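Below is one structure, written out as structure tokens; the observations come after it.
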Amino acid sequence: MQVQRVVLNSRPGKNGAPVPENFRLEEITLAPDRKDGEVLVRTLYLSVDPYMRCRMNEDTGADYLTPWQISKCVDGGGVGVIDSSRCNNFAAGDVVISFNWPWQTHAVMTGSDLQKVDPQLVDGHLSYFLGAVGITGLTALLGIREKGHITKGANHTMVVSGAAGACGSIAGQIGRLDGCVRVVGICGSDEKCKAIVEDLGFSTAINYHLEDVPTKLKESCPDGVDVYFDNVGGAISDAVIAQMNNGSHIILCGQISQYNKDVPYPPPLSEETQKNLQSKNITRERFTVLNYMSKADAALCELSQWIKSGRIKVLETVVNGIENMGDAFCSMMKGGNIGKQIIKISH
Ligand code: NDP
């Protein structure tokens, strides 16, 4: 069987922006024989995510992430369907997901790398398993619940950076549902600002490319900031932290503005921001969703119910074709996506 796959062609360097040419499309032949425990899967959707930028480096800087190898098939979050099975736990037609799905149109995988999922959880929108009812939805929900300390009735104001992205777009909606009276999103275009306010119910949105973030924050958060869901770090976060209240909380989700730089994670803060944290007793604990997977099943049910009832809306940017994986990844890293960036590989 002939299949297409994407391999790592070159590394951008620790201090470089990734380019589509860092990836290469190849055709290979899958051997017809399967061993016991193996299944043949057909890929439906693949995910591109910011953490993959670390996997492009020779050293990822994180012990739970292995580097992608040059000329080897790239992998990440994927959802697909079992074509044929020599594994007792799976039958043809089962829908399955994996965090280590090869960027390949069909693949031979071992059953232990796969998890069977129930399409009813997402009303048949199988790509949601990679986003709102998958790792990014979990990141938003568990990040808020573990580190946000939102109190209903306490008139909390929440700010979300990267607000129109996969995690941010869900986090802002959860902030509202969990009781914040005001949810302000910061993102990179007027189109994104319009989407998060009109479609997702954010109170206000700030376009950080066109508007002065400190001034707009002052206007939008007259009572200061109580909860900050931080996806980006850098100057945007310095501006938000400067307006946070005493005893407020940061959900340190990600720092994408620093991912093309050779700095440790989390990147060091400026002296002024560090002083702000200390003098106002602001918590800023690192959050890693993979440390909370024991809570994943209940959280996924909650997300699923919110989405089915229409209380959470899901935004996606879908690109077609495995040949566009590299483009889609680089575009997402530069803000080309609204909602979760998905690549559709087959029907
Ligand atoms: P998104 O869908 O948010 O896509 C990335 C977005 O980042 C882009 O669309 C862009 O939006 C924004 N961005 C890129 N460069 C910059 C910059 N220099 N300054 C400000 N914004 C920038 O990705 P995800 O939702 O998948 O991830 C969001 C964050 O969450 C990342 O930092 C990621 O590492 C983190 N994360 C953390 C997890 C955890 O366990 N802690 C798990 C999953 C994700 P714009 O147009 O607004 O600039």
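Taking 0.36 nm per residue of separation and subtracting the Cα-Cα distance, full extension of the segment from K152 to M1 would add 48.7 nm. Within the accessible area of the stretch 44-92, the carbon and sulfur atoms contribute 46%, probe 1.4 Å, all protein chains present. Accessible area per residue for the stretch 229-325, computed on protein heavy atoms with a 1.4 Å probe, is 51 Å². Here the accessible area of the stretch 215-335 is 48 percent carbon and sulfur, with a 1.4 angstrom probe and all protein chains present.
Once all protein chains are placed together, H125 keeps about 90 Å² accessible to a 1.4 angstrom probe.
Secondary structure note: in the chain, about 55% of the DSSP beta bridges are antiparallel. Using alpha carbon centroids, what distance separates the stretch 170-218 and the stretch 62-112, in Å? Using only Cα atoms to place each centre, the spacing works out to 36 Å. Shape verdict for the stretch 86-188, please, from the Cα gyration tensor: rounded (a/c under 1.5), prolate (a/b greater than b/c) or oblate. Prolate, since a/c reaches 1.5 and a/b exceeds b/c.
Here the stretch 272-297 and the stretch 140-157 have alpha carbon centers that stand 12 Å from each other.
The listed peptides 106-112, 335-341, ordered by packing as a protection proxy, come out as 335-341, 106-112 (highest mean of other Cβ atoms within 10 Å first). In the structure shown, the pairs K218/K340; K308/K340; K194/K216; K72/K261; K116/K295 are assessed against 21 Å; a Cα-Cα span above that value is assigned to K218/K340; K72/K261. Structural descriptor for the stretch 206-337: relative contact order 19 percent, calculated from alpha carbon pairs under 8 angstrom and at least 6 residues apart.
Per residue, the stretch 1-153 exposes 45 Å² of solvent-accessible protein surface, assessed with a 1.4 angstrom probe and all protein chains in place.
Using C-alpha pairs under 8 Å with a sequence gap of at least 6, the mean separation divided by the residue count of the chain gives a relative contact order of 19 percent. Computed from backbone phi with θ = phi - 60° and the Karplus coefficients 6.51, -1.76 and 1.60, the 3J(HN,Hα) list for the stretch 9-22 is 8, 7, 9, x, x, 4, 10, x, 7, x, 10, x, 5, 5 Hz; x is used for glycine and proline.
Peptides 23-34, 152-163 ordered by packing proxy, namely the average of other Cβ atoms within 10 Å per residue, highest first: 152-163, 23-34.
The values are calculated or read from the model by the stated rules, or taken from the named source; none is laboratory data. Predicted model, so just to flag it, every value in this text is computed and none were measured. Don't worry about glycine lacking a Cβ; one is built from the backbone with ideal geometry, like all the others, and counts go over all protein chains shown. Accessible surface is based on the protein model in full, side chains and every heavy atom, while ligands, DNA and RNA are left aside. Shrake-Rupley method; radii C 1.70, N 1.55, O 1.52, S 1.80 Å.
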